[in-house]
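Q: A single structure is presented below for examination.
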């Protein structure tokens with residue numbers, strides 16, 4: 001079998017890495033950048049810290065801090081319009097996955113005409129963007145090392161991906177210290193997003209040997225360190241390892257691609273505006289049980305990465321059940337919220353089954369899925 005293994009962005013990793021943002025921007029020829037962020041990051045003082053290092057290096061900064069969760073096309077287009085009028089020569093994104101996705105979209109629109117929804121799909125943007133530097137403040141999306149920007153269509157409320165090399169960062173700066181201010185619930189939710197990236201990449205129909213190695217290590221690290229980070233956000237060992245795991249999972253799924261769990265999460269997020277990581281955490285265990293008959297050895301690998309006793313002789317169904325139960329116990333341990341907590345009725349959740357199959361990620365699973373399969377998964381994840 002022949003595999004396509006793509007390169008990732010150059011990465012600066014470690015506590016204190018944020019201090020290099022100005023130097024890296026200057027190295028890549030930036031005289032002025034747009035700093036894309038959100039109100040939470042601004043209020044936490046992280047945006048000001050990044051700005052300080054940029055300005056100390058002689059880089060001018062235009063700040064845009066209005067990015068919401070699940071960034072819609074109109075916000076990205078507004079920010080890009082400001083960036084073009086200010087004639088910036090780079091974009092710096094600092095925040096969680098929504099901010100990093102928005103920063104990627106802004107960069108695409110610096111050199112390609114709006115609307116951003118014109119570029120849904122793979123390799124649809126024709127012109128290279130400008131300098132793009134991404135700094136994650138969560139340990140979840142891995143967006144700093146992927147070539148995907150997830151954008152919500154404000155007219156249809158459907159999420160889709162702008163995918164291609166022009167969404168890849170010029171430099172990723174991963175500083176675990178930027179994640180310390182994440183509250184427990186956000187730590188848990190973003191951590192389960194990373195867990196899902198790793199487990200879905202490992203079981204994807206597009207997995208390759210490199211993505212598999214990275215995904216396995218990410219599962220091990222998250223299973224060990226996420227509960228520690230949730231319990232004590234100041235534990236730097238846990239924060240470092242969660243940042244590493246999120247990044248490894250991002251590199252893994254950039255090639256292998258997530259599948260049914262993310263198709264469900266994207267669809268539920270667009271319909272109900274619930275936290276992406278929460279849905280990932282609820283979907284992953286039932287999805288892994290569903291695909292266990294198609295990729296039994298991969299599901300057994302996940303089980304072993306979680307420390308479960310799984311023999312070579314165990315049936316795929318039993319392996320899937322063990323993994324499902326273990327992940328459900330894990331999400332309960334870290335205090336994950338549920339659809340019931342969010343006030344969403346089971347019937348309303350099941351009603352989105354057909355839309356799940358139209359999500360981009362639904363094409364990447366290791367077996368065929370039907371609307372009835374999707375409805376059953378949605379039913380089983382409702383707690």
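Q: Taking just the C-alpha trace of the range 229-306, give me its Rg and Dmax in Å.
A: For the range 229-306, the Cα radius of gyration and maximum Cα-Cα distance read 14.5, 41 Å.
Q: What is the ratio of the Cα radius of gyration of the range 184-380 to 2.2 N^0.38 Å, where N is its residue count, to two decimals?
A: Compactness ratio reported: 0.94.
Q: Using only Cα atoms, tell me the angle between helix 296-305 and the longest principal axis of the chain; keep it within 0 to 90° and round to the nearest 10.
A: Between helix and principal axis, roughly 70 degrees.
Q: If you line up the long axis of helix 97-111 against the longest principal axis of the chain, both from Cα atoms, how many degrees apart are they, to the nearest 10?
A: Its long axis makes an angle of about 50 degrees.
Q: Given a cut-off of under 8 Å on Cα pairs at least six residues apart, what relative contact order in percent is computed for the chain? Spell out each step's value before the answer.
A: Details: 835 pairs, mean separation 56.6, N = 383.
Relative contact order for the chain comes out at 15 percent.
Q: OK, next. Rg and Dmax of the chain, using alpha carbons, in Å: what are they?
A: 19.7, 64
Q: Then there is this: Please work out the FRET efficiency for the pair residue 52 and residue 344, using the Cβ-Cβ distance as r and a Förster radius of 45 Å; give the result to the nearest 0.05.
A: Values: r = 42 Å, r/R0 = 0.93.
For R0 = 45 Å, the calculated efficiency reads 0.60.
Q: Right, something else. Over the chain, what is the percentage of antiparallel beta bridges among all DSSP beta bridges, to the nearest 5?
A: Here the share of antiparallel DSSP bridges comes out near 20 percent.
Q: Between residue 11 and residue 235, what is the label-point separation in nm under the 7 Å Cα-to-beta-carbon projection?
A: 2.2
Q: Would you mind calculating the gained length between residue 78 and residue 2 on full extension (0.36 nm times residue separation, minus the Cα-Cα distance), in nm to one decimal?
A: 23.1 nm
Q: Quick one: compute the contact order of the range 184-380, relative version, from alpha carbon pairs under 8 angstrom and 6+ residues apart, as a percent.
A: Details: 320 pairs, mean separation 53.0, N = 197.
Over the range 184-380, the number comes to 27 percent.
Q: Tilt of helix 371-380 relative to the longest C-alpha principal axis of the chain, in degrees (0 to 90, nearest 10)?
A: It works out to around 90 degrees.
Q: Run the numbers for residue 86 and residue 213: contour at 0.36 nm per residue of separation, minus the present Cα-Cα distance, in nm.
A: 41.4 nm
Q: Out of the DSSP beta bridges found with both residues in the range 11-179, what percent are antiparallel (nearest 5)?
A: That works out to approximately 20 percent antiparallel.
Q: In square nanometres and to one decimal, what's the mean projected area of the convex hull around the Cα atoms of the range 11-179?
A: 8.2
Q: Now for a different question. Going by average Cβ neighbours within 10 Å, how do the peptides 95-102, 58-65 rank, with the highest at the top?
A: In descending order of packing, they fall as 95-102, 58-65.
Q: Also: If you find the alpha carbon centre of the range 222-294 and of the range 138-189, how far apart are they in angstrom?
A: 12
Q: Determine, for each peptide in 358-370, 193-205, the mean count of other beta carbons within 10 angstrom over its residues, then list the peptides with the highest first.
A: 193-205, 358-370
Q: While we're looking at this one, here's another question. Could you work out the relative contact order of the range 56-204? I mean the mean sequence separation of Cα pairs under 8 Å and 6+ apart, divided by the number of residues, in percent. Display every interim value, and only then the final one.
A: On the way: 274 pairs, mean separation 35.2, N = 149.
Across the range 56-204, relative contact order equals 24 percent.
Read-outs throughout are calculated quantities, based only on the coordinates presented, and are distinct from any laboratory measurement. This one's a predicted model, so the numbers in the text were calculated from it and none came from an experiment. Methodologically, a virtual Cβ is constructed for each residue, glycine included, from the backbone with ideal geometry; neighbour enumeration extends over all protein chains shown.
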